[in-house]
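The values are calculated or read from the model by the stated rules, or taken from the named source; none is laboratory data. Treat the numbers as computed from the prediction; the structure is a model and nothing was measured. FYI the Cβ positions are ideal-geometry reconstructions off the backbone, even for glycines, and counts take in every protein chain you see. We work out accessible area using only protein heavy atoms, side chains counted, and drop any ligands, DNA or RNA first. Shrake-Rupley method; radii C 1.70, N 1.55, O 1.52, S 1.80 Å.
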Amino acid sequence: MKSHHYFFLAVLLFVWMSCQTRPSSNTEAHSASEIRISLPDFDADSAYHFVAKQMSFGPRVPGTKAHEQCANWLQKTISAYADNVIVQPFSARIWNGETRHGKNIIASFSPEKKSRVLLGAHWDSRPTADHDPDPANWHKPVPGANDGASGVGVLLEVARQLSINRPNIGVDIIFFDLEDSGTPEFADASLRRKPDTWALGAQHWAKNPHKPNYRANYGILLDMVGAANPRFAREGISMFYASDIVNKVWKTAQTLGFSYAFVNERIGDILDDHYYVNKFARIPMINIIHYDPRTETRFFPQWHTIHDDLSIIDKNTLRIVGQTVLAQIYQE
């Protein structure tokens with residue numbers, strides 16, 4: 001059984017999309033009163049492959065061989081889709097005063113277009129599993145399947161689709177590094193109060209964009225977008241800086257039939273890459289992030305544990321998020 005949804009935009013503008021079972025879309029016929037814009041299907045199998053490939057390197061902890069190998073693969077992979085790719089190296093001091101070297105990877109589609117959307121996710125893994133139920137695991141690295149690799153996997157598949165069927169706007173995709181090296185829970189209380197130890201790559205990019213005077217209409221950050229039974233609530237920082245963008249993206253998701261995942265609930269602030277993009281780059285960026293009120297951490301159960309592995313990644317969740325992002329881009 002094939003089914004189609006339609007977005008009704010101004011003056012009978014339609015966006016063509018599918019639920020779950022429709023085959024690859026073809027360009028629709030045009031008429032004097034109707035314009036149909038082909039929306040590509042998000043391939044969840046492809047996105048899952050991209051997640052699994054990241055996991056094959058091991059935890060992407062800055063300073064490790066796995067981190068370097070994954071950086072090289074990310075650059076090579078997205079270069080096959082984007083018009084140009086810039087690797088932005090940087091150094092930053094982490095919570096304990098040690099210096100770490102990171103790489104933000106920025107891919108641009110139709111860089112000549114002034115109207116742009118910014119998409120982001122972090123690609124590094126957390127070096128300390130400080131929320132693991134077993135204290136013996138606290139100093140082990142987090143595999144980072146959902147917390148990191150899922151957002152990157154979705155955006156790599158988005159990039160693949162953008163290379164096939166170009167939208168009317170320019171798109172930039174940023175893979176932020178050193179997001180997850182913030183102060184661990186087992187550190188001294190005085191160190192835990194130290195500000196700005198998270199999202200170091202986003203802080204660097206927001207203060208030093210890859211292009212002078214870079215601007216985007218808005219941004220969408222993906223974080224923890226691969227676990228089963230997702231719940232994406234309207235996060236506080238996103239609502240403070242960009243409530244209109246939250247409303248627009250949530251409406252798109254709900255029109256697609258994903259209201260069970262994109263819920264109309266407002267939650268508190270979650271410090272993430274988007275905060276610094278809003279604060280320093282002045283680009284209104286929202287966060288699509290897994291929120292689970294049933295857990296102690298309010299995130300997915302395996303968050304910041306050694307069990308955040310490929311076994312918890314759900315292809316349907318990748319599809320929900322990826323199709324929503326694609327629909328948002330193609331209706332601009």
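With contacts defined as alpha carbon pairs under 8 Å and 6 or more residues apart, what's the relative contact order of the chain in percent? Don't skip to the end; give the middle numbers.
Values: 715 pairs, mean separation 69.6, N = 332.
For the chain, the relative contact order is 21 percent.
Using θ = phi - 60° and the Karplus form 6.51 cos²θ - 1.76 cosθ + 1.60, what ³J(HN,Hα) does each residue of the stretch 203-209 get, whole Hz, x for Gly and Pro?
With the stated coefficients, the stretch 203-209 comes to 4, 5, 5, 4, 8, 9, x Hz.
From the square roots a ≥ b ≥ c of the eigenvalues of the alpha-carbon gyration tensor of the chain, which class results: rounded (a/c under 1.5), prolate (a/b over b/c), or oblate? Could you put the intermediate results ahead of the total?
Values: a/c = 1.71, a/b = 1.53, b/c = 1.11.
It is prolate, given that a/c is not under 1.5 and a/b is the larger ratio.
Provide the per residue accessible area, probe 1.4 Å, for the chain, rounded to a whole number of square angstrom. List each step's numbers first, then the result.
On the way: 13860 Å² over 332 residues.
In whole numbers, the chain has 42 Å² accessible per residue.
Mean residue ellipticity at 222 nm from the helices of the chain, using -39,500 (n - 2.57) per DSSP H segment of n ≥ 4 over the full residue count, to the nearest 500 deg cm²/dmol?
On the way: 8 runs with 95 residues, N = 332.
That calculation yields -9000 deg cm²/dmol at 222 nm.
Taking the DSSP beta bridges in the chain as the whole, what percent of them are antiparallel, to the nearest 5? Show your work: numbers first, answer last.
Details: 23 of 45 bridges.
Counting only bridges with both partners in the chain, antiparallel ones make up about 50 percent.
Could you tell me how many degrees, from 0 to 90 and to the nearest 10, lie between the Cα long axis of helix 236-255 and the main elongation axis, the longest principal axis, of the Cα atoms of the chain?
40 degrees
Report the one residue of GLY170, TYR276, ALA71 whose Cα lies farthest in the direction of the positive end of the charge dipole of the chain (charges on C-beta: Lys and Arg +1, Asp and Glu -1; origin at the Cα centre).
Checking the options against the dipole of the chain, the answer is GLY170.
Taking 0.36 nm per intervening residue step and subtracting the Cα-Cα distance, what contour gain separates TYR214 from ASN316 on full extension? Kindly include the intermediate steps, with their values, before the conclusion.
Details: separation 102, 0.36 × 102 = 36.72 nm, distance 3.41 nm.
Working it through step by step, the gained length comes to 33.3 nm.
Using 0.36 nm per residue, how much length does the chain from GLU185 to THR297 gain when fully extended, once their Cα-Cα distance is taken away?
On the way: separation 112, 0.36 × 112 = 40.32 nm, distance 1.19 nm.
Here the segment from GLU185 to THR297 would lengthen by 39.1 nm.
Which order do the peptides 220-227, 149-156, 191-198 come out in when sorted by mean C-beta neighbours inside 10 angstrom, highest first? Spell out each step's value before the answer.
Numbers: 220-227: 26.6, 149-156: 29.9, 191-198: 14.0.
Those peptides, ordered most packed to least, come out 149-156, 220-227, 191-198.
Go ahead and run the numbers for FRET between ALA80 and SER243, Cβ-Cβ distance against an R0 of 30 Å, rounding to 0.05.
On the way: r = 36 Å, r/R0 = 1.21.
That pair, ALA80 with SER243, gives E of 0.25.
Let a ≥ b ≥ c be the square roots of the eigenvalues of the Cα gyration tensor of the stretch 48-92; is it rounded (a/c under 1.5), or, if not, prolate (a/b larger than b/c) or oblate?
Values: a/c = 2.76, a/b = 1.09, b/c = 2.52.
Oblate.
Taking 18 Å as the cut-off for C-alpha to C-alpha distance, list the pairs among LYS53/LYS211; LYS103/LYS315; LYS114/LYS207; LYS53/LYS315 that go past it.
Numbers: LYS53/LYS211 29 Å; LYS103/LYS315 28 Å; LYS114/LYS207 20 Å; LYS53/LYS315 15 Å.
Those over the limit are LYS53/LYS211; LYS103/LYS315; LYS114/LYS207.
Roughly speaking, what is the stretch gain from VAL87 to TYR260, that is 0.36 nm per residue apart minus the C-alpha to C-alpha distance, in nm to one decimal? Each step should come with its number before you reach the end.
Numbers: separation 173, 0.36 × 173 = 62.28 nm, distance 3.72 nm.
Gain on stretching VAL87 to TYR260: 58.6 nm.
What shape does the stretch 104-219 take by its C-alpha gyration tensor, where a ≥ b ≥ c are the square roots of the eigenvalues and a/c under 1.5 counts as rounded, a/b above b/c as prolate, and the rest as oblate? The partial results should precede the final answer.
Values: a/c = 4.09, a/b = 1.89, b/c = 2.17.
Here the stretch 104-219 falls in the oblate category.
Which residues' amide hydrogens lie under 5 Å from the amide hydrogen of MET285, considering only partners 5 or more residues apart or on another chain, with H built in the peptide plane?
So MET285 has HN proximity to GLY219, ASN278.
If one takes the longest principal axis of the Cα atoms in the chain, at what angle in degrees, from 0 to 90 and to the nearest 10, does the Cα axis of helix 315-330 lie?
Approximately 60 degrees, to the nearest 10.
For the chain, what % of the accessible area comes from carbon and sulfur atoms, probe 1.4 Å?
Details: 7120 of 13860 Å².
Carbon and sulfur together cover 51 percent of it.
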